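Visitor: Below is the structure I would like to discuss, written out as C-alpha cells.
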Amino acid sequence: MNFDGFDDELWDEHKWEAHLDEIERKSDQLRRFISSDPKGNIPRWITLLKESQDEDDAFEAYVEEELLLDEAYFPEEDDDWDDEDDFEDEDFLFGSMDEFDELEESEDFDSGEEWKSLSEDYASSDYGSLDNLLIFNRSRELAVDVLKWAESVPAKAQNKSFQEFVGEILKIGAKLAGGYSFGFEPEYIGANIAYSKKALKCSNLGLALLQAQKTEEYFTEPFYSDFHERIFELRNDIGVYVQELRDRFDNRVD
C-alpha cells in the first residue's frame with residue numbers, strides 16, 4: 001500500500017522515526033486541544049480509568065486513542081487502506097476471531113489462511129494477530145497490573161514521577177500496537193521498527209522511573225520486585241524483537 005505524499009524511496013527506521021517524532025508532537029497538541037484538561041494537569045490514564053469498566057478496558061481505550069491520534073497525521077490512501085483496515089477496527093487491532101466461530105464443521109479450517117492468525121507462530125507476520133504477539137500480551141498484562149496497583153495509591157502520594165511511571169508503562173503496549181499495525185512488508189517494516197524502538201525507550205524510561213521511586217512509601221517490596229523483574233525482562237525482549245525486525249529489513253527482497 002502507498003500513502004499519498006510519501007515518496008517512492010524505501011524508508012528505513014530512521015526516516016520513519018523522524019516522521020513519528022513529528023507526529024507525536026502534533027498528536028500531543030491535538031490531545032490537549034480536544035481534552036477537557038488542555039494544560040495536561042491530569043494524566044490521560046487517570047481519566048480513562050474513571051471512564052472505563054475496568055483496567056483492561058482502560059488499557060485498550062488508551063491504545064486505541066493513541067493510534068487514532070497518530071493516524072490523523074498520516075497521509076490518506078486512495079485505494080488500499082479502506083474501512084476494513086482502519087485503526088478503528090477492533091478486530092484489526094486486537095485480533096477478534098468471532099467470525100471463525102461460525103465456520104461449519106465440514107469446512108477444512110487448516111486449508112485456508114485464516115488459521116494462521118490464530119497461531120503464535122505467525123504472530124510476527126502479516127498473517128498474524130496482535131493478540132498472539134507475546135511481547136504485546138506481556139506489555140498489556142503489565143500495564144493492567146500497574147493500573148490496578150496505581151488505584152491503591154492515595155491521590156496525595158501520586159507525585160509527578162509516579163504519574164509518569166504509569167504513563168510510560170501504558171505507552172509500551174501502545175507503541176508495539178502501532179508498529180504491528182504497519183505489518184512486516186519491506187515498504188513498512190521501517191515504521192514497525194521505529195514504533196518498536198519507541199516501546200523500547202518507554203520501557204527503559206519506565207524502569208528508570210521505577211528505580212527512582214524505590215524508597216517511596218507506596219512501593220512495597222513485593223510490588224517493586226515484581227514490576228522491576230517484568231519491566232527488565234520485557235525491555236530485553238523488545239530489544240531482541242527490534243533486532244529481528246532490523247534483520248528482516250536488511251534481508252528484504254529488493
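Visitor: Regarding region 147-160, can at least one residue be identified that is under 19 Å from the mean Cα position of the chain (by Cα), within 16 Å of L133 (Cβ to Cβ) and assigned to a helix (DSSP H, G or I)?
Guide: No - not one qualifying residue is present in region 147-160.
Visitor: Now, a different point. Kindly provide the set of residues from region 110-121 that are part of a helix (DSSP H, G or I), touching a Phe, Trp or Tyr at 6+ places or on another chain (Cβ under 9 Å) and either modelled with pLDDT of 85 or more or not small (G, A, S) (or both), ordered by number.
Guide: E114, W115, K116, L118
Visitor: Let me confirm something: among G183, G178, G167, which residue is in contact (Cβ under 8 Å) with a residue 40 or more places away in the chain, within 16 Å of V242 (Cβ to Cβ) and assigned to a helix (DSSP H, G or I)?
Guide: Being in contact (Cβ under 8 Å) with a residue 40 or more places away in the chain, within 16 Å of V242 (Cβ to Cβ) and assigned to a helix (DSSP H, G or I) holds for just one of G183, G178, G167, which is G178.
Visitor: Could I ask something else about it? For region 158-180: of the residues being among the small types (G, A, S) and either surrounded by 20 or more Cβ atoms within 10 Å (Cβ to Cβ) or in contact with a Cys (Cβ under 7 Å, 6 or more places away or on another chain) (or both), which is nearest to F219 (Cα to Cα)?
Guide: Only one residue tops the list, namely G173.
Visitor: I need the full set of residues from region 209-225 which are touching a residue at least 60 places away in the same chain (Cβ under 8 Å) and more than 15 Å from F165 (Cα to Cα), in order please.
Guide: Within region 209-225, E217 is the sole residue that qualifies.
Listed here are the residues, each with its yes/no results for (1) at pLDDT 85 or above; (2) assigned to a helix (DSSP H, G or I); (3) surrounded by 15 or more Cβ atoms within 10 Å (Cβ to Cβ).
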site: H14; (1), (2), (3): yes, yes, no
site: A18; (1), (2), (3): yes, yes, no
site: R25; (1), (2), (3): no, yes, no
site: R31; (1), (2), (3): no, yes, yes
site: P38; (1), (2), (3): no, no, no
site: K50; (1), (2), (3): yes, yes, no
site: D57; (1), (2), (3): yes, yes, no
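The values are calculated or read from the model by the stated rules, or taken from the named source; none is laboratory data. All values reported here derive from a predicted model rather than from experimental measurement. Cβ atoms come from the backbone with ideal geometry, glycine included; neighbour counts cover every protein chain shown.
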